[in-house]
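Bear in mind these aren't lab numbers, they're just calculated from the coordinates by the rules spelled out. Computed from a predicted model, the values in this text were never measured in an experiment. As a convention, Cβ positions derive from the backbone with ideal geometry for all residues, glycine included, and neighbour counts pool all protein chains shown.
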Amino acid sequence: MTSTKVELAHRASANAAALYRGRAWWVDRVAQGVVFLGGLSAIVFILSIFIFVAKEGLGFMVADLNIKEFLTSPEWRPTEDSPTYGILALMAGTASVTGLAMLIAVPFSLGAAIYIGEFATGKTREVLKVLVELLAAIPSVVWGFIGLSIMNPLIMELFDVPVGLNVLNAGVILGLMAAPIMTTIAEDALKAVPDSYREAAEALGATRWQVIFKVVLPSAKKGLVAAILLGVGRGFGETMAVLMATGHAINLPTSPFDSVCAMTATIAAELGETAQGSPHYQVLFAIGISLFLITFVINMAADVFVRGGLRMRSKKA
Amino acid sequence: MSSFQTTDLNQSNRRKESLVRILLGMVTLTLIIPVGIILVTLIAKSEGTFSWAFFSEFPRNSMTEGGIFPALVGTLWLVAVALLASVPFGVAAAIYLSEYAEDTALTRAINLAIINLAGVPSIVHALFGVGAFVLFFEFGTSILAASLTMAVMTLPVVIVATRESLQAVPQPFREACWNMGATRWQTIWRIVLPNSISGILTGVILEVSRTVGETAPIMFTGAALFLPFLPTSVYDQTMAMSLHLYVISTQVPDVPEGLPYGVALTLIAIVMILNSVSIGFRTYLRGKKKW
């Protein structure tokens, strides 16, 4: 919060009042300390997530981790006598499902954001916004169940394939899940473009579509990229829906009808069956650390774009 | 408008525009309609499942019959403990960010931490819960461990909602109070918080809705597949609605078709009601505000 003149004056007088340290002064100090600790807690939590997950996976990473095998081998056989821990197939599973989900979610969410933000008015707009918000609230385990019980037979019938739990199923489910969130963020980005831009373009005789395409979208570009990045992060980290809808089979997918296995889902499916401290248990935590680091980078990148967008707004508004 | 002549160019532009409008409207609807169809399917397929017994009985016959009572109670436990843990932290953090923090490197770090807490995959939060609460603090697999895991995960929801509603209180309110000689905390406690309490409440309702639906973070930290009794303390394990849906739709053979549909619909209904209440509350407040 920027300091106003009154605020500065208040601080000065507070300093003067500090000579008389009554009860109110002490309460104020203590309260400031407490809320400061509350603020710090966010940093403490994110650091401890990294530390605790790394700690459980550390033994494996130090002793048994063969980086080359880990990253490039498609052989994920953690339970055999001579186990191999290659996560290439898991990464391919995550990438294929997230990729397909984004193919669906990006055009639809940007289209919906433009419609809600630039075309819809009054009641229609409010209703659409509320609907999108409600869609975003459906729990992921319910989406997984929908993939399992509604999409699965549908895909088997439509495409005449033996199994409907595959990249296509999970991709569509994940696309439907990510789209509402991306729509909301993208619409915020459009709203951040000052109305004066639109008015200037309209005064020059531009149609609504020309205003949107030539003025609004270019100005909101960074916020829109951030929306897409956050959608990718969401898809990447989704666990239950992907576990239930992909068919959960180790595979390097060659078609949308192949069953795959995602990194997140592997942890969820296998952690319960492993003995604490065993290599298999530790390698699952190692995957967790990889997931943490990847989403960390995605979120940071999105934040850079959002901040870039905000700076534009405050400079030009 | 009648004094202007419509040119050909003008007309073609207008046609193009209405085409675009229709197209984008259809795009928006394709996001919403599938979910409508899904809801109708869920309702149709769960027909006959709902009865008083469905909500009041324990599952029977290896979860192929009976109700969801212990899962409902367990979810209540998990939500209540998670709220107790996260709301104080979240509100304190929001007060700090809104009322005290200057634009420093530390503030930026806190904001980045919040963004990342919200963005870390739920399964990584689960791993954290196992490493920290179950093993390190030795809570074991318990309601306490599961709720704390979810509290950390949903902390950003409370922080963001609270910060927004604190910042919506006009600056002159604070300045007027300071001019009366009040300390910063007196201003926050007597003026800022009372004027934003309802906004904070909508955030808390949203957090409840998130917590109800989460599955991955509780799978290994405190939720059980099946328990023949209700939890009596935070050190017990419990069943939960979200995990119950996963279990009966993937792990248990010979479940009658209507049962998982019924559980899924109940879960969606709870979440939708909570979110609608939160949205309705927000709209009502926006209408009521006089500044």
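Aspartates and glutamates near B:Lys45 by alpha-carbon distance under 15 Å, same-chain residues fewer than 8 away left out - which ones?
List returned: B:Glu257.
Over chain A, what is the relative contact order in percent, taking alpha-carbon pairs closer than 8 angstrom and at least six residues apart? Each step should come with its number before you reach the end.
On the way: 402 pairs, mean separation 74.4, N = 317.
Worked out over chain A, it gives 23 percent.
For the protein assembly as shown, with only Lys/Arg (+1) and Asp/Glu (-1) charged at the beta-carbon, what is the dipole magnitude about the Cα centre, in debye rounded to 20? Walk me through the numbers on the way to the answer.
Values: 40 positive and 39 negative charges, 642 e Å.
Value, rounded to 20: 3080 debye.
Using the Kyte-Doolittle scale, which helices in chain A average at least 0.5 and also have C-alpha atoms spread 30 Å or more along the helix axis, with helices defined as whole DSSP H runs?
On the way: long enough: A:23-63 (57 Å, 1.43); A:88-114 (38 Å, 1.84); A:167-191 (34 Å, 1.27); A:279-316 (56 Å, 0.76).
Within chain A the helices that satisfy the rule are A:23-63, A:88-114, A:167-191, A:279-316.
Once you keep just the Cα pairs under 8 angstrom separated by 6 or more residues, what percentage relative contact order results for region A:114-207?
Numbers: 47 pairs, mean separation 32.6, N = 94.
About 35 percent, as a whole number.
Once you sort the root eigenvalues of the Cα gyration tensor of chain A as a ≥ b ≥ c, which label holds: rounded (a/c under 1.5), prolate (a/b larger than b/c) or oblate (the other case)? Don't jump to the answer; show the numbers that get you there.
Numbers: a/c = 2.50, a/b = 1.25, b/c = 1.99.
Judged from the Cα gyration tensor, chain A comes out oblate (a/c at least 1.5, b/c at or above a/b).
Which ordering of B:Ser18, B:Ser86 is given by a fewest-first count of other beta-carbon atoms within 10 Å?
On the way: B:Ser18 12, B:Ser86 26.
Ascending number of Cβ neighbours within 10 Å: B:Ser18, B:Ser86.
Ranked highest first by average number of other Cβ atoms within 10 Å, how do A:239-252, A:114-127, B:30-43 line up? It would help to have the intermediate numbers written out before the result.
Values: A:239-252: 25.6, A:114-127: 17.2, B:30-43: 15.1.
Peptide ranking by packing, descending: A:239-252, A:114-127, B:30-43.
How much mean residue ellipticity at 222 nm does chain A get from its helices, if each DSSP H run of length 4 or more adds -39500 (n - 2.57) and you divide by all residues, to the nearest 500 deg cm²/dmol? Mind dumping the intermediate values first?
Values: 13 runs with 220 residues, N = 317.
Using -39500 (n - 2.57) per qualifying helix, the result is -23500 deg cm²/dmol.
If a helix is a whole DSSP H run, which ones in chain B reach 15 Å or further along their own axis (Cα) and hold a mean Kyte-Doolittle hydropathy of at least 0.5?
Numbers: long enough: B:8-45 (55 Å, 0.87); B:69-95 (38 Å, 2.09); B:105-119 (21 Å, 1.30); B:143-167 (34 Å, 1.41); B:193-213 (30 Å, 0.92); B:258-288 (44 Å, 1.05).
The answer, listed by residue number, is B:8-45, B:69-95, B:105-119, B:143-167, B:193-213, B:258-288.
Highest GNM mean-square fluctuation, chain A, Cα pairs closer than 10 Å: which of A:Glu270, A:Glu80, A:Glu133?
A:Glu80
Cα gyration tensor of chain B, axes a ≥ b ≥ c as square roots of the eigenvalues: rounded (a/c below 1.5), prolate (a/b > b/c) or oblate?
Working: a/c = 2.22, a/b = 1.17, b/c = 1.90.
Judged from the Cα gyration tensor, chain B comes out oblate (a/c at least 1.5, b/c at or above a/b).
Taking a cut-off of 20 Å between Cα atoms, list the aspartates and glutamates near B:Lys288, but don't count ones fewer than 8 places away on the same chain.
Here the aspartates and glutamates satisfying the reach criterion relative to B:Lys288 are A:Glu126, B:Glu164.
Just B:Ala240, B:Ala223, B:Ala94 to compare: in a GNM of chain B, with alpha carbon springs under 10 Å, which one fluctuates most?
B:Ala94
At a 10 Å Cβ-Cβ cut-off, how would you order A:Met91, A:Met263, fewest neighbours first? Walk me through the numbers on the way to the answer.
Values: A:Met91 19, A:Met263 25.
With the fewest neighbours first, A:Met91, A:Met263 line up as A:Met91, A:Met263.
Under the rule a/c < 1.5 gives rounded, and otherwise a/b versus b/c splits prolate from oblate, where does the protein assembly as shown land using the Cα gyration tensor? Display every interim value, and only then the final one.
Working: a/c = 1.60, a/b = 1.15, b/c = 1.39.
Oblate, because a/c is 1.5 or more while a/b does not exceed b/c.
Over chain B, what is the relative contact order in whole percent, taking alpha-carbon pairs under 8 Å and six or more residues apart? Mind dumping the intermediate values first?
Details: 352 pairs, mean separation 75.5, N = 291.
After rounding, I find 26 percent.
Mean-square fluctuation check for chain B, GNM, Cα pairs under 10 Å: which of B:Phe136, B:Phe54, B:Phe128 is largest?
Between B:Phe136, B:Phe54, B:Phe128, it is B:Phe136 that shows the largest mean-square fluctuation.
Quick check on the exposure proxy: order B:Cys177, A:Cys261 from fewest to most C-beta atoms within 10 angstrom. The partial results should precede the final answer.
Details: B:Cys177 19, A:Cys261 25.
Taking fewest neighbouring Cβ atoms as first place, the list is B:Cys177, A:Cys261.
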